[in-house]
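The values are calculated or read from the model by the stated rules, or taken from the named source; none is laboratory data. In this text, all values refer to a predicted model and were calculated from it rather than measured experimentally. Cβ: placed from backbone, ideal geometry, glycine included. Neighbour counts: every protein chain shown.
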Amino acid sequence: MTTSKKIVLLGHFGVGKTSIIRKFVTNEFSSDYKVTIGVHILKKEVPVTENDSVSLIIWDLEGTENIDLINKAYLLGTHSFIYVYDITRPVTFFNLEENVIKLKEKFPKTLLKTVANKIDLIDDIKNEKYYKILQKTDYTSSAKTGENITNLFDSIANALLS
Amino acid sequence: MNLTRIKSAHQAKNTQFIIFNSNGIIIESDNILFPVQQKEKLAKIHPFFENILDIITTETISFSCVHLKIGAISLTCDVEINLLKNNYYLLVLIDFSKHYGSFQSLAQSRNETAIKSEVLVIKNEILKEKEAFKNKFIDNFSHEIISPITSIIAFANLMKNSKLNKEQKEYLEVLTSSSLHLKSMINDVLDISKLEIGKLEIHNEQFNFSRLISQIESEYNHKCAQRQLDFNLLIDDKIPIYIESDKTKIRQLIKNLLDNALKFTTTGSISLSVKNIFTRAQRITLAFIVEDTGTGIKKEDQNKIFTRFNRLENANNIDGVGLGLSIVKEITELLGGSIKLKSEINKGSTFTINIKAKYPRTQNLVKHKNSKKLFQKNKQKYQVLIVEDNELHQLTIFKILARTNNFYLDIVSNGSEAIEAVKSISYDVILMDYKMPFLDGLETSKAIRNLSDKRKNSIPIIMATGAHVSTELLNQKGKDINEIVTKPFDEEIFINTIENCLTQ
């Protein structure tokens, strides 16, 4: 049986939300940055058990640092949020905690995962510069190398089905 | 003409209406933007329409800027979902592809610019971190080198006063001059690293300018005589005795120029002229002119000599790393002055520095005493605490002070021992090393100042530091510490400073 679930990717612009989705859905990556305006929606089916699968309807939202500015209709009926930031740009994660709190308040029943993307650009992940923020992050990922991309969506699909 | 008809005809071009039921089945569509079939499931058209049945309510829901790719047709639409009667819904799609397309280009350029500037800030921070690391390394490394050199110079000076034969005296002379040369090069490197990070600051004070010039005269009379050169000092009558400026840096400027002249002059003379160029409202412009009869500098090379690490072809046999003149230029500029050079090959060079300073109207504000005489007159003995972790430095200080026969000396090697010693003995003065492990000199001084006993918390503290006095330390002068002396100790200045503290 296939169940349909809506996943919304949030975060500042240029953090790699579109690239993560593209890598997951079509296994492609381009380092050229193309800004997203409004919303793009893609779909991919993830088998969870032998008989069950989840059809992930992935909403790729325009990047913004302030989640209050997002068109509220975009977030209706969301089953899981993925909050993405760019580990190389502190400005994209300085308000991570604040945004996570807001999302949890507004959508207490919705699954939320935080992702530090572009991890391939960091030489030393144990550097104290990143340590503090990574402690508060669920996944590190790289859309370029594919690191953790499938894991991220698979774990969400599993969590949503269970 | 019917405006309603015109309006609806205009809207009709970019708007599609679809009616669907509560099962998500299409009932009717005008297919203006893309074709759909009756009885087709809405969810099959595009993933956007999946989950729509989960969110529809009695209120209108509006989505802006939704990208839809349906077959070969790509659209960017605003979408509205309205409840009609009998569980039927109206889906309105308005195509704004053109409008959002132009907005996309604007957003692209806005975001790219923002990211570029963020990346620049980050790169700049990384560079600053690297620079700070490098400077810290140079600072620590130089400090580590300066300490043993300090001991070498101090003990060589002490040895000069012992019984030596002629050969030993000559060896000692070489030892001293090599150590001084090494020390001067390290200080140059330290200065450059401080100039680089803007840490070399100006610290103005009122000082006896004529005494400074006399000291320089005596030093270079001796140095020139050793090389069979004449040294001439020409001082303008209108030069004030006291001025207010950065004494250390003025001394450094003049000495760097004279040292440079010494390096390139093998016969003839070196002269230093000090002139009053301009005086008005307690402000004075002074000129220091250093003239030599040395090798001179080619016209094409004259601009190069003020750049760092630049050594001219004819300087191959000359000691140094090529920093002296670049430091002179940068310090002159830091003092708000300027430097000029006139030079002719094989005839010599003339460097002229102009700097601005203040001078006090009353020229006897600062009293200077001859410490040695005072101590000689005074049979009283003073209790001195030496706080120094380096045993060689302890010995140097001990030897210098023991010779005057005016002091009882206690030596401790760290801040904690110093605090305990102060609590139990009444000292007249404390000589404190700045860089010590655990409690450093400033922390120890602060702890002494915080003691409840008024007599103990006001004991004069003299801080001993490396050649480069930190801003942090200078800011504490007159607060937690009374005086600062630099290593290697100039015996006379050292004794003089102690005497000043004791008579305050």
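General observations
- All positions within the range A:113-149 that are closer than 25 Å to residue A:74 by Cβ and surrounded by fewer than 18 Cβ atoms within 10 Å (Cβ to Cβ): A:136, A:138
- If you filter the range B:294-304 down to residues that are at pLDDT 80 or above and outside any loop (DSSP other than H, G, I, E, B), you find that the one that is nearest to residue B:190 (Cα to Cα) is B:301.
- Selection count where residues are at positive phi and either surrounded by 15 or more Cβ atoms within 10 Å (Cβ to Cβ) or among the acidic types (Asp, Glu) (or both), scope the range B:269-308: 1
- Among the residues of the range A:10-46, those that are within 11 Å of another protein chain (Cβ to nearest Cβ) and of a type in the set (Lys, Arg) comprise A:34, A:43, A:44.
- The condition of being surrounded by 16 or more Cβ atoms within 10 Å (Cβ to Cβ) and either within 24 Å of residue B:53 (Cβ to Cβ) or at the interface with chain B (Cβ under 10 Å from one of its Cβ atoms) (or both) holds for only one of A:75, A:96, that being A:75.
- Residues being closer than 26 Å to residue A:96 by Cβ and surrounded by 16 or more Cβ atoms within 10 Å (Cβ to Cβ) - total across the range A:47-69: 9
- Checked against the criterion of being touching a strand residue (DSSP E or B) at 6+ places or on another chain (Cβ under 7 Å) and under 30 Å from residue B:77 (Cα atoms), the candidates A:137, A:110 yield just one match: A:110.
- Verdict on residue A:54 being more than 13 Å from chain B (Cβ to nearest Cβ), out of contact with any Gly (no Cβ under 8 Å at 6 or more places or on another chain) and in contact (Cβ under 8 Å) with a residue 40 or more places away in the chain: no
Rundown of residues vs (1) in contact with an Asp or Glu (Cβ under 8 Å, 6 or more places away or on another chain); (2) surrounded by 11 or more Cβ atoms within 10 Å (Cβ to Cβ); (3) within 30 Å of residue B:464 (Cβ to Cβ), yes/no style:
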{"site": "B:96", "(1), (2), (3)": "yes, yes, no"}
{"site": "B:99", "(1), (2), (3)": "no, yes, no"}
{"site": "B:102", "(1), (2), (3)": "no, no, no"}
{"site": "B:110", "(1), (2), (3)": "no, yes, no"}
{"site": "B:114", "(1), (2), (3)": "no, yes, no"}
{"site": "B:122", "(1), (2), (3)": "no, yes, no"}
{"site": "B:142", "(1), (2), (3)": "no, yes, yes"}
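- Qualifying position, being over 28 Å from the mean Cα position of the chain (by Cα) and either surrounded by fewer than 21 Cβ atoms within 10 Å (Cβ to Cβ) or in the same structural domain as residue B:382 (by TED's automatic domain parsing) (or both), among B:470, B:458, B:445: B:458
- Filter pass, residue A:41 being out of contact with any Asp or Glu (no Cβ under 8 Å at 6 or more places or on another chain), under 25 Å from residue A:73 (Cα atoms) and at pLDDT 95 or above: no
- Qualifying residue in the range B:70-82 (condition: away from every other protein chain (no Cβ under 14 Å) and touching a helix residue (DSSP H, G or I) at 6+ places or on another chain (Cβ under 7 Å)): no
- Yes/no for residue B:498 being surrounded by 17 or more Cβ atoms within 10 Å (Cβ to Cβ), of a type outside the set (S, T, N, Q) and in a loop (DSSP other than H, G, I, E, B): no
- Single condition residue A:102 does not satisfy, out of (1) farther than 21 Å from residue A:149 by Cβ; (2) at the interface with chain B (Cβ under 9 Å from one of its Cβ atoms): (2)
- In the range B:189-251, counting only strands (runs of 3 or more DSSP E) that sit wholly within it, the ones holding 1 or more residues that are in contact with a helix residue (DSSP H, G or I) (Cβ under 7 Å, 6 or more places away or on another chain), at pLDDT below 85 and closer than 19 Å to residue B:475 by Cα span B:205-208.
- Residues that are among the aliphatic types (A, V, I, L, M) and within 22 Å of the chain's Cα centre (by Cα) were ranked within the range B:327-349; the one that is surrounded by the fewest Cβ atoms within 10 Å (Cβ to Cβ) is B:334.
- Residue within the range A:70-81 that is without any contact (Cβ under 8 Å) to a residue 24 or more places away in the chain, farther than 20 Å from residue B:110 by Cβ and not aliphatic (A, V, I, L, M) present: yes
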